[in-house]
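A.B. asks: Take a look at this one; I'll ask things after.
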Amino acid sequence: MARRHQCHPRQRRHVQRQRVVAVHRVTGPAQPDEVLQDHPSTLAQGSDNRRRQPLRPARLCSAPCPPRAPPPTKTPPPPVTPAPAAPNGTTARPSPTAPRPRRAGSRATPRRRDSELTPDQCVIKGREFYVHGLIEIPVRDTGETFSWGVWVSLSEPNFARAHDLWEDPAREQEPPYFGWLVTELPVYPESTLLLKTHVRTQAVGLRPLIELEPTDHPLAVEQREGITAERVRAFADQLLGG
């Protein structure tokens with residue numbers, strides 16, 4: 001009969017069962033004081049009674065992310081300023097080479113090199129030249145004078161001449177300059193644009209007088225024959241919406 005081989009108990013191999021380590025689930029950002037905890041195993045233990053070394057706590061650190069740099073600030077573009085309105089709605093932009101204002105208190109508004117606009121003179125692109133004058137109409141029943149402020153187009157030589165004499169007391173001796181009326185007066189049934197006129201220079205500081213050529217246009221007729229105070233009130237009602 002075969003003998004069963006028996007080993008001495010001391011010669012038995014010791015088998016160490018694996019331990020189970022439970023880890024808590026992190027539901028939010030880890031904090032510096034959060035650690036993995038070692039939980040005892042629930043498996044049956046063998047005959048190995050040797051002291052087990054506890055797990056070394058593992059520290060979880062969560063460093064905050066560096067703050068994001070703010071977006072660069074965009075500098076808004078400078079506002080666009082519209083050019084001033086010239087006679088008859090034309091846009092005028094002044095130029096240092098154009099005539100400078102000569103009347104005390106008048107100021108040029110610079111917009112472009114070849115154009116200029118002042119209360120008394122206007123140059124557009126170095127090709128169109130205007131002066132601001134008055135059409136005077138006598139009021140028969142009051143002895144007063146009613147005036148329309150209008151713009152008149154001059155030739156370049158006449159405009160240059162008027163400009164050169166703008167502050168000269170002798171300018172009253174100048175002959176009248178021919179010009180075209182370029183202001184529309186809506187109180188008349190017929191257009192007032194491009195009526196023929198003569199520009200008469202007055203004393204320094206006064207705007208020139210605009211005389212219309214004798215035609216049958218209502219404006220020319222009223223300048224020759226005069227109007228009544230009632231007609232003046234009608235102008236005010238029509239223009240001011242009264």
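The values are calculated or read from the model by the stated rules, or taken from the named source; none is laboratory data. All figures in this text were calculated on a predicted structure; none of them were measured in a lab. Virtual Cβ from ideal backbone geometry, glycine too; neighbours counted across all protein chains shown.
A.B. asks: If a residue has to be surrounded by 15 or more Cβ atoms within 10 Å (Cβ to Cβ) and hydroxyl-bearing (S, T, Y) to count, how many in the stretch 123-156 make the cut?
C.D. replies: Number satisfying all stated conditions: 2.
A.B. asks: Going residue by residue through the stretch 214-236, is there one that turns out to be closer than 26 Å to S115 by Cβ and aliphatic (A, V, I, L, M)?
C.D. replies: no
A.B. asks: Does F146 count as within 21 Å of Q121 (Cβ to Cβ) and not β-branched (V, I, T)?
C.D. replies: Against the criterion (within 21 Å of Q121 (Cβ to Cβ) and not β-branched (V, I, T)), F146 does not qualify.
A.B. asks: Next up: Consider P94 carefully, then state whether it is modelled with pLDDT under 95, part of a loop (DSSP other than H, G, I, E, B), touching a helix residue (DSSP H, G or I) at 6+ places or on another chain (Cβ under 7 Å) and of a type outside the set (S, T, Y).
C.D. replies: Considered against the rule, which asks whether it is modelled with pLDDT under 95, part of a loop (DSSP other than H, G, I, E, B), touching a helix residue (DSSP H, G or I) at 6+ places or on another chain (Cβ under 7 Å) and of a type outside the set (S, T, Y), P94 comes out as no.
A.B. asks: Let me ask another. Any idea how many residues of the stretch 205-242 are in contact (Cβ under 8 Å) with a residue 60 or more places away in the chain and part of a loop (DSSP other than H, G, I, E, B)?
C.D. replies: Of the residues in that region, 5 qualify.
A.B. asks: Hey, another quick one. Which residues, taken from the stretch 193-204, are in a loop (DSSP other than H, G, I, E, B), surrounded by 14 or more Cβ atoms within 10 Å (Cβ to Cβ) and not polar (S, T, N, Q)?
C.D. replies: L195, V204
A.B. asks: Is there any pair with a first residue in the stretch 113-126 that is of a type in the set (K, R) and a second that is at pLDDT below 95 whose Cβ atoms are under 7 Å apart and which are 6 or more apart or on different chains, and what are they?
C.D. replies: Correct list of pairs: R113/S95; R113/P96; R113/T97; K125/D114; K125/S115.
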